[in-house]
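K.L.:
Shown below is the structure under consideration.
The values are calculated or read from the model by the stated rules, or taken from the named source; none is laboratory data. Keep in mind it's a predicted model, so treat the numbers as computed, not measured. Cβ sites come from the backbone with ideal geometry, for glycine too, and all protein chains shown count toward neighbours.
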Amino acid sequence: MVIRNCKRRLTGLGKTYHNIMLPHSWIIKNMDMFGVAENLKELVSDSMKSWNTDLMAGGKVFGNVKTK
């Protein structure tokens, strides 16, 4: 959607970073809806336990947050 919007408005992503946050439960539910293999769902679910993100502005890191 972000890329489509940039194409429509003739803008670029050269100096922006977009972090789209989705609830982990939503990701798993969608994998169920689309019939993703159990072993792949388990891999993603297990990897979610270590996901985190850096809070940044102007190239400076202000902290790290564990995503839940």
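K.L.:
Only one residue in LYS68, LYS15, LYS41 is basic (Lys, Arg) and modelled with pLDDT of 80 or more, so which one is that? Spell out the reasoning first.
P.N.:
Values: LYS68 fails: modelled with pLDDT of 80 or more; LYS15 fails: modelled with pLDDT of 80 or more.
Exactly one residue qualifies, and that residue is LYS41.
K.L.:
Turning to a different aspect of this structure: Test GLY35 against the criterion of being at positive phi, touching a strand residue (DSSP E or B) at 6+ places or on another chain (Cβ under 7 Å) and at pLDDT 85 or above, and give yes or no.
P.N.:
Working: at positive phi: yes; touching a strand residue (DSSP E or B) at 6+ places or on another chain (Cβ under 7 Å): no; at pLDDT 85 or above: yes.
No; evaluated as a whole, the condition is false for this residue.
K.L.:
Taking the stated definitions as given, is SER50 at pLDDT 85 or above and in a loop (DSSP other than H, G, I, E, B)?
P.N.:
Values: at pLDDT 85 or above: yes; in a loop (DSSP other than H, G, I, E, B): yes.
It is true that SER50 is at pLDDT 85 or above and in a loop (DSSP other than H, G, I, E, B).
K.L.:
Next question, about the same structure. Any residue in region 40-57 that is surrounded by 11 or more Cβ atoms within 10 Å (Cβ to Cβ) sitting within a Cβ distance under 9 Å of a residue that is modelled with pLDDT of 90 or more and part of a helix (DSSP H, G or I)? List the pairs, counting only those 6 or more apart or interchain.
P.N.:
LYS41/ILE28; LYS41/MET31; LYS41/ASP32; VAL44/ILE28; VAL44/MET31; SER45/ILE28; SER45/MET31; MET48/ILE28
K.L.:
Looking only at region 21-39, filter to residues that are over 13 Å from the mean Cα position of the chain (by Cα) and β-branched (Val, Ile, Thr); which one of those is surrounded by the most Cβ atoms within 10 Å (Cβ to Cβ)?
P.N.:
Only one residue tops the list, namely ILE28.
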